[in-house]
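Trainee: Dropping the structure in here first, questions after.
The values are calculated or read from the model by the stated rules, or taken from the named source; none is laboratory data. This is a predicted model, so every value here is computed, not measured. Counting neighbours? That spans all protein chains shown, and the Cβs are built from the backbone with ideal geometry, glycine included.
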Amino acid sequence: MSKIVKYILLFILITLLILIRWFENELFYDPYLTFFHNDYLYIDSPRREVLKLVAFTALRYALNGLVSLAILYVVFKDRSIVKFSALVYVMTFMVLICGYLYFVINPKQSDYYLFFNLRRFLIQPVILILLLPAFYYYKLTKDIK
């Protein structure tokens with residue numbers, strides 16, 4: 001893959017991540033979007049449909065995850081990195097969605113800050129931001145040996 005094609009693909013994939021974020025209100029059901037924009041530490045949790053909320057959160061995680069895996073493939077061109085990253089995404093989702101469900105079903109004002117940050121890992125491509133430098137460092141150290 002030539003550098004120009006690589007950069008064009010990366011631009012398209014990053015644009016997809018931006019569009020997922022830009023149109024989050026139109027694409028996904030999430031009453032917590034407006035809740036966390038307000039002074040959430042002093043107000044009650046919003047009304048929500050739990051199944052619908054979890055389904056749309058999982059959809060958003062999956063979309064961000066698929067685009068992130070594509071970015072990792074374009075950057076490193078290594079299927080083993082993508083396979084390992086997919087495993088990381090699946091395992092992370094299973095752990096995070098359990099915590100997410102707990103906070104959605106049992107909302108307490110004292111837990112809002114923890115819930116806010118846990119939710120961030122599910123709806124934003126934070127894992128990609130962690131994996132990119134980790135695999136870059138891995139490649140650097142692997143090439144030195």
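Trainee: Between Leu72, Leu53, Leu59, Leu33, which is part of a helix (DSSP H, G or I), in contact with a Phe, Trp or Tyr (Cβ under 9 Å, 6 or more places away or on another chain) and either at pLDDT below 90 or among the β-branched types (Val, Ile, Thr) (or both)?
Mentor: Values: Leu72 fails: either at pLDDT below 90 or among the β-branched types (Val, Ile, Thr) (or both); Leu59 fails: either at pLDDT below 90 or among the β-branched types (Val, Ile, Thr) (or both); Leu33 fails: in contact with a Phe, Trp or Tyr (Cβ under 9 Å, 6 or more places away or on another chain).
Among Leu72, Leu53, Leu59, Leu33, only Leu53 is part of a helix (DSSP H, G or I), in contact with a Phe, Trp or Tyr (Cβ under 9 Å, 6 or more places away or on another chain) and either at pLDDT below 90 or among the β-branched types (Val, Ile, Thr) (or both).
Matching residues to (1) of a type outside the set (Lys, Arg); (2) in contact (Cβ under 8 Å) with a residue 60 or more places away in the chain:
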{"residue": "Val50", "(1), (2)": "yes, no"}
{"residue": "Val54", "(1), (2)": "yes, no"}
{"residue": "Arg60", "(1), (2)": "no, yes"}
{"residue": "Asn64", "(1), (2)": "yes, yes"}
{"residue": "Val67", "(1), (2)": "yes, no"}
{"residue": "Lys77", "(1), (2)": "no, yes"}
{"residue": "Lys83", "(1), (2)": "no, no"}
{"residue": "Ala86", "(1), (2)": "yes, no"}
{"residue": "Val95", "(1), (2)": "yes, no"}
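Trainee: Return yes when Phe115 is over 17 Å from Pro31 (Cβ atoms) and either of a type outside the set (Asp, Glu) or assigned to a helix (DSSP H, G or I) (or both) and no when it is not. If you could, list the steps in order and put the result at the bottom.
Mentor: Working: over 17 Å from Pro31 (Cβ atoms): no; either of a type outside the set (Asp, Glu) or assigned to a helix (DSSP H, G or I) (or both): yes.
No, not satisfied.
Trainee: Any idea which of Arg60, Arg79 is of a type in the set (Lys, Arg) and either touching a His at 6+ places or on another chain (Cβ under 6 Å) or under 21 Å from Ile18 (Cα atoms) (or both)?
Mentor: Details: Arg79 fails: either touching a His at 6+ places or on another chain (Cβ under 6 Å) or under 21 Å from Ile18 (Cα atoms) (or both).
It is Arg60.
Results for (1) under 24 Å from Trp22 (Cβ atoms); (2) modelled with pLDDT under 85; (3) loosely packed, with under 13 Cβ neighbours inside 10 Å, shown as yes or no for each residue.
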residue	(1), (2), (3)
Ile43	no, yes, yes
Arg47	no, yes, yes
Leu66	yes, no, no
Tyr89	yes, no, no
Tyr113	no, yes, yes
Asn117	yes, yes, yes
Ile123	yes, no, no
Ile127	yes, no, no
Lys139	no, no, no
